[in-house]
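The values are calculated or read from the model by the stated rules, or taken from the named source; none is laboratory data. Every value quoted in this text rests on a predicted model; they were computed, and no experiment measured them. Cβ atoms come from the backbone with ideal geometry, glycine included; neighbour counts cover every protein chain shown. Note: areas computed on protein heavy atoms with side chains; ligands, DNA, RNA excluded. Shrake-Rupley method; radii C 1.70, N 1.55, O 1.52, S 1.80 Å.
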Amino acid sequence: MSRQIEEKLLFELDHPGRNGASLPKCDVPEVSFADAFGPLARKEEPVALPELSEVDVIRHFTRLSACNYSVDLGLYPLGSCTMKYNPKINEAVCRYEGLSGVHPLQDEATAQGALELMHALQESLCAISGMDACTLQPAAGAHGEFTGMQLIRAYHEAKGNPRKIVLIPDSAHGTNPASAHFAGYAVEEFKSGADGCVDVEALKARMNEEVAAIMLTVPNTLGIFEKNIKAVCEILHAKGGQVYIDGANLNALMGVTRPGDWGADVMHINLHKTFSTPHGGGGPGAGPVACKAHLEPFLPVPIVVKKEERYSFDYERPMSIGKVQGFYGNFLVLARALAYIETMGAEGLKSASELAVLNANYLRAKLTGKLELGFDGPTLHEVVFCDKGMPNGVTTMDFAKRLIDYGFHPPTVYFPLIVHGAIMIEPTETEPKEEMDRFVEAVEKIVAEARETPDLVKKAPHEAYRKRLDEVAAARNPRLVWKR
Amino acid sequence: MHYLPASGEDVKNMLGAVGAKSVDDLFSSIPEEVKLRGPLPIPSGLAEAEVKERFALRAARNTVASCFPCFLGAGAYDHYVPAAVDAILSRSEFYTSYTPYQPEMAQGTLQAIFEFQTMMAGLTGMDVSNASLYDGASATAEAALMASRLRKGRKILVARSLHPSYRAVLRTYVKHLGLAVEEVPFGSDGRVDLSAYAKAAEGACIFLVGQPNFFGVVEDVKAISSVALNSEKPILAVAVAETLALAALEPPGPQGADLCVGDARSFGLPVGFGGPYLGFMTAKKELMRQMPGRICGETVDADGRRGFVLTLTTREQHIRREKATSNICSNEGLCMLAATVYLALMGRKGLSELARQNLSKAHYLKGALEANGVKPLFGGPVFNEFAVSVKGSAKVNGKLFKKGIIGGYPLFKDYPKLKNGYLLCATERTAKEDCDKLASILGGAA
């Protein structure tokens, strides 16, 4: 990550006369665009594309890759993002031609392997979550939330009243209120209790027949298990409401406890968090939704079903909410997740959750006294510190940027919103103890620097490919494409 | 377990530091009554070699286009992906990184997004682009939601010839938001019926048109944008399921489209049984602040050097929560990278030549079919896909498969009135002799 070659943009590297790909000779008579389309034909080649050789392109992107931090380089402690190691076998199997080369509209008889894979994953996710049915269609967590809220709405509508309100705690991810809104609900935020959990008495007083559902992240973004979860489910169910669980933090719970057993009705599962599929610099993810039997009729079409050793897509689902993705979901991401589940097995998944919680508690113990805890409750998979006591006007952002100089990706910052200057740390189970110790040392040094040489921290990073970037200027005068 | 580095000794030491007696103690905040008794009801873990074997068996139970000639398109077009694309996607600096929230350590990803935005805006003739959406279908839905914020009209107008899945997802998205979806029919040439559009346009906030449409027919976007209306013009959005066609056609922007969405999977990604694909959105500048999803912008660092950041974030859910322009968070980052590498490799000359090959193959196939008495369903111009009339289209694919061919897509499922409609696609991977073979078989069936 130290100083390196300044890499130009592709367009600045443009070198007319070069090409980066070869095409077979065309074995049929050539038809020109003008002949086929007349005035609708493109008149000039797409000038937005450069002319480069394969060598130019490979060097360009390899150099750019060197400007990135990644899990394969070291600790990536983004809270609620679960940046665990991405096993290499997953990457190998999803590239098998027999999986990557299957056309989504092929006859089912010619895609039995792909369908069996999806069916096996549906079954595994139901087993892990304690739910009865599952759709693999959503492409990411927020897409899963949207799908789940649509299921809830369809369920209420079928009972005659869609209801109006979805309750969401103030510690929730921003996607929760946005997803509920796009399912047509008014969002009502409610304050977490003093213990970071739902205030059961306040919920009981608030609950009525207008409330369609509650959306809860468990453990929540403070890393705390919702200890009254059973009571919460009972309060909602008593007045006909539904309980949606945001599974972003499922990595704390595998093999220990299951949302389906709490009484929850529906949840999404981020395969790119808990089930080790790579984040890819922002996707593709996958956000399957698992639910109880009473919501199953509303799941998106199609669902993979098994009848006498044959797998097929079931489209005959008259109460379905419809489709949420063009085809069946991010299949090659699903393949990676199934490879992970089959590798880990029941015991391995439980160990993963146990060690994720142990690692988070270890970091909590080691960092307490250096940083101020944002919330003093029992920690599961992540721990939140705050900016209290940071000297000389050093902010959470300064602290985060200085970590870059020590070779670490910063934690999630300024979230959850209920903790001032939040620093949210999730090491995951795949971090070795030495790596966490190195992180603790770095934090210790930065805390000392904040006291003694605050400018060093405030102007960080110093050692990265770029110094601090001006985000305000970028938003004020947006330049979103390159211009000659 | 080889992904879990903690040794027994490590666990002991860490428990000591925490002040806990056992790992179980760490879960004491979870009430006993909700804890799982016994193991998860899934099998025990397998060794790497065993997992590989299982997946090899799964792969072997599918038939793929590399073994059988494939004439299926219908939203997923089989193009060759150069080895260099996967070489870059396999770099863990890219695939094991997160969304670039800390730009100083994510300039690689951010610069690639900026390059992607530039190329997609250029190809579609628009001013701005976002960093990707899930797929073409959800991008279409996002376009409708965006238009409903920009215009007063509560009606979403969509061409019936737009991809059926795109329309299906659109309906799911707008269902509960007080928006009505209305379809504009197609004429005998397979194109949007312009007079029907003119009649339906009043009160519409958007008109969504496929380009080429689901029948492979190229729409006259300029003619659509020039239709005289009695009311405010809806936002004209073009949805592109086969982005390679952008290299052959005048871009939607200069033709009068305000917005372009679609699926750029054709640029460097496998058909992959339907995902992950690459939704995109490009737009005229005036629409920029209502766009969904991540957007990358250019800026400078403290030393004045050029750098890139995610920008205009006040549109997004993590800032604006329920008032955000979309709920999207994770998008299709690595697929975006694939497209960027692919387009850089192909270049303006390579992509043009590839488009010409696709066009030539499809026209050859069409000609061969006609010579065998198989008639096209529509008269409009086509790129690499077209519809023909084949009696008993539902049963044709089974017959073709026995002869080693993955056939086309019967249209009756989505268009009951097009009973004999059968959609066929030819790409650069389609060989002349396979076209001849298909034509003679279908000619016999016709």
Q | Heavy-atom accessible area, 1.4 Å probe, ligands and nucleic acids excluded: residues of segment B:352-367 down by at least 50 Å² from chain alone | A | B:R356, B:Q357, B:L359, B:S360
Q.
Please compute the modelled spin-label separation between B:V227 and B:A49, points set 7 Å along Cα→Cβ, answer in nm with one decimal.
A. 6.5
Q | Reachable lysines from A:K388, criterion Cα separation under 24 angstrom, eight or more residues apart if same chain | A | A:K191, A:K366, A:K370, A:K401, A:K445, A:K458, A:K459
Q: Restricting things to alpha carbons, tell me how big segment A:255-378 is in terms of Rg and Dmax, in Å.
A: 18.7, 61
Q. To the nearest 100 Å², how much accessible surface do chains A and B cover up together, summed over both, with a 1.4 Å probe?
A. 16700
Q. For chain B, what number results from the quotient of the Cα radius of gyration and 2.2 N^0.38 Å?
A. 1.12
Q) Which whole-number value in Å² is the accessible area per residue of segment B:223-343, probe 1.4 Å? A) 24
Q) Across every pair of different alpha-carbon atoms, what Kirkwood hydrodynamic radius in Å does segment A:3-104 reach? A) 18.9
Q) How high is the FRET efficiency from B:S195 to B:E286, r the C-beta distance, R0 41 Å, rounded to 0.05? A) 0.90
**Q.** Heavy-atom SASA rank of B:S352, B:S29 (probe 1.4 Å, accessible area, largest first)
**A.** B:S29, B:S352
Q: Keeping all protein chains in position, work out how much accessible area B:K375 exposes to a 1.4 Å probe, and write it in Å² to the nearest 10.
A: 140
Q.
Let's test the formula: R0 of 30 Å, r as the Cβ-Cβ distance of A:A186 and B:A180. What FRET efficiency results, to the nearest 0.05?
A. 0.90
Q. Roughly how many Å² is the accessible area per residue of segment B:86-193, as a whole number, for a 1.4 Å probe?
A. 23
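Ranked from highest to lowest mean number of other Cβ atoms within 10 Å per residue, what is the order of the peptides A:243-252, B:68-77?
The densest-packed peptide leads the list: A:243-252, B:68-77.
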Q.
Just to be sure I understand the interface: list residues from segment B:295-325 that lose 50 Å² or more of accessible area between the chain on its own and the complete protein assembly, 1.4 Å probe.
A. B:E298, B:D301, B:R305, B:R306, B:R321, B:E322
Q) Across 10 Å bins from 0, what is the distribution of all Cα-Cα pair distances for the protein assembly as shown, in whole percents? A) 2, 13, 23, 26, 21, 11, 4, 1, 0
Q.
I'd like the Karplus ³J(HN,Hα) series for segment A:146-161: coefficients 6.51, -1.76, 1.60, θ = phi - 60°, whole numbers in Hz, and an x wherever there's a Gly or Pro.
A. 4, 4, x, 5, 5, 4, 4, 5, 4, 4, 5, 4, 4, 8, x, 8
**Q.** Binned Cα-Cα distance frequencies in segment A:326-421 - 5 Å width, integer %
**A.** 2, 11, 15, 17, 14, 11, 11, 11, 5, 2, 0
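Could you order peptides A:359-365, A:176-182, A:370-376, B:335-341 by the average number of other Cβ atoms within 10 Å of their residues, highest first?
B:335-341, A:176-182, A:359-365, A:370-376
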Q) For segment B:347-445, what is Rg from Cα atoms divided by 2.2 N^0.38 Å, rounded to two decimals? A) 1.08
Q. How big is segment A:199-311 by the Kirkwood estimate over distinct Cα pairs, in Å?
A. 15.7
Q: Provide the FRET efficiency to the nearest 0.05 for the B:K419-B:S440 pair, computing r from the beta carbons and using R0 = 22 Å.
A: 0.40
(Q) Binning at 10 angstrom from zero up to the longest distance, how are the C-alpha pair distances of segment A:40-174 distributed in percent? (A) 8, 18, 28, 25, 16, 5, 0
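On average, how many beta carbons from a partner chain sit within 10 Å of the beta carbon of a residue in A:226-236?
2
Whole number in Å², please: accessible area per residue of chain A, 1.4 Å probe, ligands, DNA and RNA not counted.
Ligands and nucleic acids excluded, the figure is 33 Å² per residue.
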(Q) Let me cross-check B:S226: its accessible surface, 1.4 Å probe, with only protein heavy atoms counted, in Å² to the nearest 10? (A) 80
Q) If you take the Cα atoms of segment B:84-342, find Rg, then find the Kirkwood Rh from the mean of 1/r over all pairs, what is Rg/Rh? A) 0.97
Q: Could you check which residue among B:N230, B:N130, B:N13 shows the biggest mean-square fluctuation in a GNM of chain B with a 10 Å Cα cutoff?
A: B:N13
Q.
If N is the number of residues in segment A:285-346, what value comes out of its Cα radius of gyration divided by 2.2 N^0.38 Å?
A. 1.26
**Q.** Carbon/sulfur fraction of accessible area - chain A, other protein chains in place, 1.4 Å, %
**A.** 51
Q.
Could you report the accessible area of A:C26 in Å², rounded to 10, computed with a 1.4 Å probe on the protein chains as they sit in the structure?
A. 40
Q) What is the average number of partner chain Cβ atoms found within 10 Å of a Cβ in A:328-336? A) 5
(Q) Suppose the Debye formula is applied to equal point scatterers at every Cα of segment A:352-473; what is log10 I(q)/I(0) at q = 0.16 Å⁻¹? (A) -0.75
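Over 14 Å apart: what share of the alpha carbon pairs of segment B:91-164 falls there, rounded to a whole percent?
73
Carbon-plus-sulfur fraction of the accessible area of chain B, 1.4 Å probe, in percent?
C and S fraction of accessible area: 51 percent.
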Q.
Could you tell me the ratio Rg/Rh of segment A:10-65? Both radii from Cα atoms, Rh via Kirkwood.
A. 1.10
Q | Estimated 222 nm signal from helices in the protein assembly as shown, with DSSP H stretches of n ≥ 4 weighted -39500 (n - 2.57), rounded to 500 | A | -11000 deg cm²/dmol
Q | ³J(HN,Hα), Karplus 6.51/-1.76/1.60, whole Hz, each residue of segment B:5-14, x for Gly, Pro | A | x, 5, 7, x, 5, 4, 4, 4, 5, 5
Q) Could you list log10 I(q)/I(0) for segment B:190-302 at q = 0.11, 0.20, 0.21 Å⁻¹, which the Debye formula gives when each Cα is one point scatterer? A) -0.42, -1.15, -1.22
Q) Out of every Cα-Cα pair in chain A, what percent are more than 41 Å apart? A) 29
Q: Give me the distance in nm between label points sitting 7 Å out from Cα along the Cα-to-Cβ direction at A:R310 and A:L417, one decimal.
A: 5.3
